[in-house]
Amino acid sequence: MTEIDNSTTCEIMARFKDGLDPAVYETLDEPIGWKCKLCGGRFVLSGGSPASLDRLERAVASLLDAAAYHHRADHRGAP
């Protein structure tokens, strides 16, 4: 397990924010997650921020996957 490092954490969070369309999603920092601007739907990590970089990377990947699925399933991919 890789310990939390602030610069790496910032890079991971920047990738998270860059991975979401700002016209559709608002990023949430605490708890980490997103809110859909089209319907108000939210997806957040429960239990607070992950304790390691590995977990944070997996959590960000899951959040981005969930946003892509939400957009396809609930909004049929329409911007």
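Between helix 53-75 and the chain there is an angle of about 0 degrees, using the helix long axis and the longest principal axis of the Cα atoms. For the chain, the longest principal axis of the C-alpha atoms and the axis of helix 6-18 are separated by about 10°. Its alpha carbons considered, the chain gives a radius of gyration followed by a Dmax of 12.7, 39 Å.
In the chain, helical runs assigned H by DSSP with n ≥ 4 each contribute -39500 (n - 2.57); averaged across all residues and rounded to the nearest 500, the mean residue ellipticity at 222 nm is -15500 deg cm²/dmol. As a fraction of the 1.4 Å probe accessible area of segment 8-53, surface on carbon and sulfur atoms comes out at 53 percent. Here the label points at CYS39 and HIS75, each 7 Å from Cα along the C-beta direction, are separated by 1.0 nm in the simple model. Extension gain for SER46 to CYS10 (0.36 nm times residue separation, less C-alpha to C-alpha distance): 11.0 nm. Summed over the residues of the chain and divided among them, the accessible surface reaches 64 Å² per residue at a probe radius of 1.4 Å.
The values are calculated or read from the model by the stated rules, or taken from the named source; none is laboratory data. The shown structure was predicted, so the numbers you read here are calculated from the model rather than taken from an experiment. With ideal geometry, Cβ positions are generated from the backbone for all residues, glycine too; neighbour counts draw on all protein chains shown. What goes into the accessible areas is simple: the full protein's heavy atoms, side chains included, and nothing from ligands, DNA or RNA. Shrake-Rupley method; radii C 1.70, N 1.55, O 1.52, S 1.80 Å.
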